[in-house]
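A.B. asks: One structure is given below, represented as structure tokens, and several questions about it will come after.
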Amino acid sequence: MIKKFDKKDEESGSGSNPFQHLEKSAVLQEARIFNETPINPRRCLHILTKIIYLLNQGEHFGTTEATEAFFAMTRLFQSNDQTLRRMCYLTIKEMANISEDVIIVTSSLTKDMTGKEDVYRGPAIRALCRITDTTMLQAIERYMKQAIVDKVPSVSSSALVSSLHMVKMSYDVVKRWVNEAQEAASSDNIMVQYHALGLLYHLRKNDRLAVSKMLNKFTKSGLKSPFAYCMLIRIASKLLEETEGGHDSPLFDFIESCLRNKNEMVVYEAASAIVHMPNCTARELAPAVSVLQLFCSSPKAALRYAAVRTLNKVAMKHPSAVTACNLDLENLITDSNRSIATLAITTLLKTGSESSVDRLMKQISSFVSEISDEFKVVVVQAISALCQKYPRKHSVMMNFLSNMLRDDGGFEYKRAIVDCIISIIEENPESKETGLAHLCEFIEDCEHTVLATKILHLLGKEGPRTPSPSKYIRFIFNRVVLESEAVRAAAVSALAKFGAQNDDLLPSVLVLMQRCMMDSDDEVRDRATFYMNVLQQKQKALNAAYIFNGLSVSIPGLEKSLHQYTLEPSEKPFDMKTVPLATTPITEQKTEIAPVATSKLPEKLAPSRQDIYQEQLASIPEFQGLGPLFKSSEPVQLTEAETEYVVRCIKHTFTRHMVFQFDCTNTLNDQLLQKVVVQMEPSEAYEVLHYIPAPSLPYSQPGSCYSLVRLPDDDPTAVSCTFSCTMKYLVRDCDPNTGEPDDDGYDDEYVLEDLEVTVADHIQKVLKPNFSAAWEEVGDDFEKEETFALASVRTLDEAVGNIISFLGMQPCERSDKVPENKNSHVLFLAGVFRGGNDVLVRARLALGDGVTMQVTVRSGDETAVDVILASVG
Amino acid sequence: MGLLDKLSGWLGLRKKEVNILCLGLDNSGKTTIINQLKPANTQAQEIVPTIGFNIEKFKSSSLSFTVFDMSGQSRYRNLWEHYYKESQAIIFVIDSGDKLRMVVAKEELDTLLSHQDIRSRRMPVLFFANKTDLQDAMSSVKVSQLLCLENIKDKPWHICASNAIKGEGLQEGVDWLQGRLSFIYGGLFAYTYTLI
């Protein structure tokens, strides 16, 4: 019947989609015919379709209008038209969250779900569960229990799946239905069995023992449903992962036995589970891979796809195992299904030798235009991984990438390519010029603002240091003329960097800046004016501070400080040093197969970890007047993982004080701890000022106590200190079941591990994108230099790693990566010393018998220099 | 509706459909009454408190009734009004054994009758003084006094004593309702038809 309507609409010329130009208000107006008697099912059906279409298009319905439409719809329950009734169920589910008083249909749905009409029962259960909340659930509990064990599979499945949804909301009620679910799990219907198993698992998933019992039972008794088998395999592999048990456990045997199942789905699931297991030995892997290998030559495309996709994923982890399938993968290169062919080639690229790269690249470029974006991204990822493996191949790759960049493609795809080119540029200095040239060409015609600004930023950073910087100016200035505001602003910043770095370009840049000052956009004009004035001063220090290395403070912190400053007017000018520094996000070292495309843009405005601590500490009265929080360390464990009490410490550094935050967890369910304090005995001239106890520490609820320590004033170079820590508290025994404590308790103490304060706690990491400019800016007023011999270190890599972790400073200019086969290296480190002075370290390393290190330290403050040299020595 | 339909409706050949609201406090017996009126083969065996509403259908000699059997629990009573506009008559059920909540019933009735969708319409209201089998049940006269039914001037109304479990008194009420509705909607012809 619907079809007929569609046809009519098509004829009236509304194009391929009859619902394209629906107006919400018009549809709601039409919905009034729901109130007419007698009901015209055909028309009502059509209007409900329109409403659901609008809802699914994301149209916003106000509560009042939604409620009105909903109540009108409830009248349709008087019709016995089957299609209309089922459409009502759909509407109820769609509107469950936007209309008020949806529980009005509870009785009507209950009637349908217990009625004789089987086509109504399943959908009625699903709709009912959507409108039911915890308080109402009790009322329908009886019906749900009956429905779970119903003879009709669709009813039983609906009830089970709906229960699964309700577990999130009212776990305790649904838990009472376990017996019914158990009964359903022995059903003959494959879907019912699968859904029942799902519900049982989710009811027990927090109880590892119960899960393993359940697994035991089902693996012994066997199941009928292949879906349920797949689920069991997933549960088993999750359990294996959690328990970190050896692979000789019965669970692993079960998964392995599934490799011999009759059903291909189960076999694949088992193989995939084994392949994805961490620390899998080659012997355990072999049967799984051989199954996948068999699938590679299956006549079914889905199986071939599944197999090659799994192999592709694990190619880097277990290259030797995958290499065994190379012959089968070679056959798949010419597969008529392009997705399979792409995955096969990228897998081969990951595992193959350097010599085969050219051949494979040629093969893939023959059909790259025919595959979807998603797979193109996979190709780009493979290329990116390949570049890291075979840096010498970068010219082949770069050519290929630039060709891909010219083709059509979506944002994700383009971003993957750009990220890949950027990472190649960073890895191989010799590829920089070609890479930048390709990117310049790309931004000439780039519709993605994000990518254009990213590339402009990169040009500003890298361009001035190339042999002929002038050729980039044209590309950048073209953007100022042609693009949107955001891109124009980024282009202005990039131009400024050229002007600051290259004296011979400065006059031309100034002329261009002058033109930018006429821009129609505020941000662009502001930037141009600012840079213009800075550049005209022609001072290296200014350039370094304001053009190369921007603000290093945390933006939310700056906002808060400025707000505070405007609230309390004072004579003193605003001091940037009082603003907490931005913590450099802990960038994970790019692993070998860094998935370039998945690297998300950092969420800029989310407050950092440190901002959260700052807020927490500021709310404690004793810690007011300490000034801004300078640095918070990573948590340090002061106990073993499996002890009675788990304590970890976070060190917060302030200008003259330190606050130690002890996060304690009581893992004994028969004890309540009160007045918990960690007593600290310093080894140096540190003075403990205050202890702030945690008032009470019930079972498994973490609590924090604090200690405030003053740093020694008279000897500013005494930065390291060892504290011996003891936790003291009042114990009250309590009933493990109720948590009701006894009336009286007794004092007790618990010795913790020693806590070290090192130089790294006094230095905050700051990234200086242009280290040499920063080096000049700080100047050599307090420069000191010393040479050390690191006897115990054998390689440059090791030495670099040690220095970075010891000083806790940020490596700049990618100097933390030591090129291969070199026996000397220069490491640049930047940081801010407690109190707000920049500290820069240049360490020249030479590899001889051990490693010899010449350290040069610069800072605006002599103490900082001394502290660093003293601590290194 | 086509001319033929109209004609057959006029001649009483096809039964005219009417929408009825069944209201009243919780536990007054609304669902039980409606259940009794349904054809014997579709009657439910057990009656549970209604949440929201149920739609039921039954036929009398000349009319086909579609009844919206509303939930009487206090927190759902404010949902009644969504269904006022499209109903042609109201059945109001009172538990005649529940003296204590008679005032509550009166209050709900007054709110109902003064609602803007009801106030100006001459829609028939049928009262069932239900549960007459109870020992301390009041008579229908007493109930109508307590509810001040004599003050209802602008609507035809009628009160019946009933025992929904046995089905006593229900037919009398439905016959009255049919008479009034036929009078209003079916025209004189159908009215006389029912009289014969």
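The values are calculated or read from the model by the stated rules, or taken from the named source; none is laboratory data. For clarity, every value in this text was computed on a predicted model and none was experimentally measured. Ideal geometry is used to build each Cβ from the backbone, glycine not excepted, and the neighbour counts take in all protein chains shown. Surface accessibility is based on the protein's heavy atoms, side chains included, excluding ligands, DNA and RNA. Shrake-Rupley method; radii C 1.70, N 1.55, O 1.52, S 1.80 Å.
A.B. asks: Can you tell me which residues in segment A:79-127 are open to solvent by 10 Å² or more (accessible area, probe 1.4 Å), assigned to a helix (DSSP H, G or I), within 13 Å of chain B (Cβ to nearest Cβ) and not small (Gly, Ala, Ser)?
C.D. replies: Within segment A:79-127, A:ARG85, A:VAL102, A:ILE103, A:THR110, A:LYS111, A:ASP112, A:THR114 qualify.
A.B. asks: Could you tell me which numbered condition A:THR243 fails, if it satisfies all but one of (1) touching a residue at least 40 places away in the same chain (Cβ under 8 Å); (2) open to solvent by 30 Å² or more (accessible area, probe 1.4 Å)?
C.D. replies: (1)
A.B. asks: Just give me the residues in segment B:54-91 being polar (S, T, N, Q), under 18 Å from B:SER28 (Cβ atoms) and at the interface with chain A (Cβ under 9 Å from one of its Cβ atoms), in sequence order.
C.D. replies: Across segment B:54-91, the qualifying residues are B:ASN54, B:SER71, B:ASN78.
A.B. asks: Another question about this same structure. Going through segment B:124-176 one residue at a time, which ones are within 22 Å of B:VAL104 (Cα to Cα), β-branched (Val, Ile, Thr) and open to solvent by 40 Å² or more (accessible area, probe 1.4 Å)?
C.D. replies: B:THR132, B:VAL141, listed by residue number.
A.B. asks: For segment A:516-532, which positions are part of a helix (DSSP H, G or I) and open to solvent by less than 80 Å² (accessible area, probe 1.4 Å)?
C.D. replies: A:CYS516, A:VAL524, A:ARG525, A:ARG527, A:ALA528, A:THR529, A:TYR531, A:MET532 - these are the residues of segment A:516-532 that are part of a helix (DSSP H, G or I) and open to solvent by less than 80 Å² (accessible area, probe 1.4 Å).
A.B. asks: What pairs can you find where one residue is in segment A:686-703 and of a type in the set (D, E, K, R), the other is open to solvent by 80 Å² or more (accessible area, probe 1.4 Å), and their Cβ atoms are less than 8 Å apart, with a gap of 6+ or different chains?
C.D. replies: A:GLU687/A:ARG710
A.B. asks: May I pose another question? Open to solvent by less than 40 Å² (accessible area, probe 1.4 Å), touching a residue at least 12 places away in the same chain (Cβ under 8 Å) and acidic (Asp, Glu): is that true of A:ASP663 in this structure?
C.D. replies: yes
A.B. asks: Of all residues being open to solvent by 70 Å² or more (accessible area, probe 1.4 Å) and of a type in the set (Lys, Arg) in segment A:768-802, which is nearest to A:GLU813 (Cα to Cα)? Just the residue, please.
C.D. replies: That would be A:LYS784.
A.B. asks: Turning to a different aspect of this structure: With the requirement that a residue be free of Cβ contacts under 8 Å to residues at least 40 places away in the same chain and either β-branched (Val, Ile, Thr) or within 27 Å of A:LYS631 (Cα to Cα) (or both), what does segment A:712-755 give you?
C.D. replies: A:PRO712, A:ASP714, A:ASP715, A:ALA718, A:CYS721, A:THR738, A:VAL751, A:ASP754
A.B. asks: Sticking with this one: Go through (1) farther than 25 Å from A:PHE254 by Cβ; (2) modelled with pLDDT of 75 or more for A:SER366 and report which single condition fails.
C.D. replies: Exception for A:SER366: condition (2).
A.B. asks: Tell me yes or no: at least one residue of segment A:279-296 is closer than 15 Å to A:CYS325 by Cβ, under 28 Å from the mean Cα position of the chain (by Cα) and part of a helix (DSSP H, G or I).
C.D. replies: No, every residue in segment A:279-296 fails to be closer than 15 Å to A:CYS325 by Cβ, under 28 Å from the mean Cα position of the chain (by Cα) and part of a helix (DSSP H, G or I).
A.B. asks: Turning to a different aspect of this structure: Conditions first: (1) within 13 Å of chain B (Cβ to nearest Cβ); (2) closer than 18 Å to A:MET191 by Cα. A:LYS151 passes all but one, so which condition is the exception?
C.D. replies: Of everything listed in (1) within 13 Å of chain B (Cβ to nearest Cβ); (2) closer than 18 Å to A:MET191 by Cα, A:LYS151 misses just condition (1).
A.B. asks: Still on this structure: Would you be able to say whether some residue in segment A:180-189 is within 37 Å of the chain's Cα centre (by Cα) and surrounded by fewer than 20 Cβ atoms within 10 Å (Cβ to Cβ)?
C.D. replies: No, segment A:180-189 has no match at all.
A.B. asks: Condition first: within 38 Å of the chain's Cα centre (by Cα) and at pLDDT below 80. Can you find one or more residues in segment A:484-497 that meet it?
C.D. replies: No: segment A:484-497 contains no residue that is within 38 Å of the chain's Cα centre (by Cα) and at pLDDT below 80.
A.B. asks: Moving on. Return the only residue of A:LYS497, A:LYS471 being assigned to a helix (DSSP H, G or I), closer than 22 Å to A:SER772 by Cα and open to solvent by 10 Å² or more (accessible area, probe 1.4 Å).
C.D. replies: On inspection, the qualifying residue turns out to be A:LYS497.
A.B. asks: Collect the residues in segment A:316-347 that are of a type outside the set (Asp, Glu) and over 32 Å from the mean Cα position of the chain (by Cα), keeping them in residue-number order.
C.D. replies: Scanning segment A:316-347 gives A:ALA324, A:CYS325, A:ASN326, A:LEU327, A:LEU329, A:ASN331, A:LEU332, A:ILE333, A:THR334, A:SER336, A:ASN337.
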